[in-house]
Amino acid sequence: MKATFGGGCFWCTEAIFQQLAGVNTVLPGYMGGHKENPTYKEVCTGETGHAEVVQIDYNPNKISYKNLLGVFFKTHDPTTLNRQGNDIGTQYRSAVFYHDAEQKFEAETFINKLTEENVFDSPIVTEVVEAQTFYEAEDYHHDYFNNNPENAYCAAVIQPKLQKFLKSLANA
């Protein structure tokens, strides 16, 4: 099965979802825009309308879509419009791209529950929209964190986020 999430920089979200049992592959890419076959450079301008996303192929017998949603909402800020930390622009928006009516229902229900429970101090701005064409990112974006651990962004942003997530898994 597939799940597609936009939670800011796809280097971060890829590194997180790669850690989960039941996740077969995590591909970085672009979705939700109007230009066919966009490049990273084009998406970074914010003019194509695409979000940086990860498309996850997962085994629902080992991990549920609801669990994937839980990880998604736990590992990014769904209350900032078009922004994740210092990454600013529509390409960094928080989005759930659903692949069927069941995923749409689960995502909307999950967001409603987080809202009712006041999990976040600000309103959730995550968009829930139907999946469109997925454009796989250029090869050098694949497995970026694992291939570039010494990169300044990886060391300063991804590594602490990943360590915090892994610690939460260990304590679960």
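The values are calculated or read from the model by the stated rules, or taken from the named source; none is laboratory data. Predicted model only: the values in this text are computed from it and were never measured. Don't worry about glycine lacking a Cβ; one is built from the backbone with ideal geometry, like all the others, and counts go over all protein chains shown.
For segment 99-120, state whether one or more residues are within 29 Å of Lys41 (Cα to Cα) and within 17 Å of the chain's Cα centre (by Cα).
yes
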So Thr109 clears everything in (1) under 18 Å from Val71 (Cβ atoms); (2) among the hydroxyl-bearing types (Ser, Thr, Tyr); (3) touching a residue at least 12 places away in the same chain (Cβ under 8 Å) except one condition, right? Which one? (3)
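Looking at Lys66, Lys62 in this structure, which one is at negative phi and not in a loop (DSSP other than H, G, I, E, B)?
Numbers: Lys62 fails: not in a loop (DSSP other than H, G, I, E, B).
So the residue among Lys66, Lys62 that is at negative phi and not in a loop (DSSP other than H, G, I, E, B) is Lys66.
For segment 112-127, give me each residue that is part of a helix (DSSP H, G or I) and touching a residue at least 12 places away in the same chain (Cβ under 8 Å).
Kept after step one, since they are part of a helix (DSSP H, G or I), are these residues of segment 112-127: 112-116.
Leu114 - this is the single residue of segment 112-127 that is part of a helix (DSSP H, G or I) and touching a residue at least 12 places away in the same chain (Cβ under 8 Å).
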Complete set of residues in segment 41-76 that are under 12 Å from Gly7 (Cα atoms) and either of a type in the set (A, V, I, L, M, F, W, C) or without any contact (Cβ under 8 Å) to a residue 40 or more places away in the chain (or both): Ala51, Val53, Val54, Leu69, Val71, Phe72, Phe73
Where Lys35 falls short, out of the listed (1) over 12 Å from Ala3 (Cα atoms); (2) surrounded by fewer than 21 Cβ atoms within 10 Å (Cβ to Cβ); (3) under 13 Å from the mean Cα position of the chain (by Cα): (3)
Assuming Asn24 fulfils every condition listed in (1) touching a residue at least 12 places away in the same chain (Cβ under 8 Å); (2) closer than 20 Å to Ile111 by Cβ; (3) surrounded by fewer than 24 Cβ atoms within 10 Å (Cβ to Cβ) apart from one, which condition is it? (2)
Do we find a residue being in a strand (DSSP E or B), closer than 23 Å to Gly29 by Cα, among the acidic types (Asp, Glu) and in contact with a helix residue (DSSP H, G or I) (Cβ under 8 Å, 6 or more places away or on another chain) anywhere in segment 140-148? no
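Quick check, is Phe145 modelled with pLDDT of 95 or more, farther than 14 Å from Phe5 by Cβ and aromatic (Phe, Trp, Tyr)?
Values: modelled with pLDDT of 95 or more: yes; farther than 14 Å from Phe5 by Cβ: yes; aromatic (Phe, Trp, Tyr): yes.
Taking the combined requirement at face value, the residue satisfies it.
What residue, among those in segment 121-172 that are within 25 Å of His99 (Cβ to Cβ) and of a type in the set (Gly, Ala, Ser), is surrounded by the fewest Cβ atoms within 10 Å (Cβ to Cβ)? Steps first, answer last, please.
Of all residues in segment 121-172, those within 25 Å of His99 (Cβ to Cβ) come to 124-139, 141-144, 165.
Filter once more, so that each one left must be of a type in the set (Gly, Ala, Ser): 131, 137.
Working: Ala131: 19, Ala137: 24.
Going through the qualifying residues, I end up with Ala131.
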List the number of the failed condition for Phe145; all other conditions in (1) under 23 Å from Asp77 (Cβ atoms); (2) touching a residue at least 24 places away in the same chain (Cβ under 8 Å); (3) out of contact with any Cys (no Cβ under 6 Å at 6 or more places or on another chain) hold. (3)
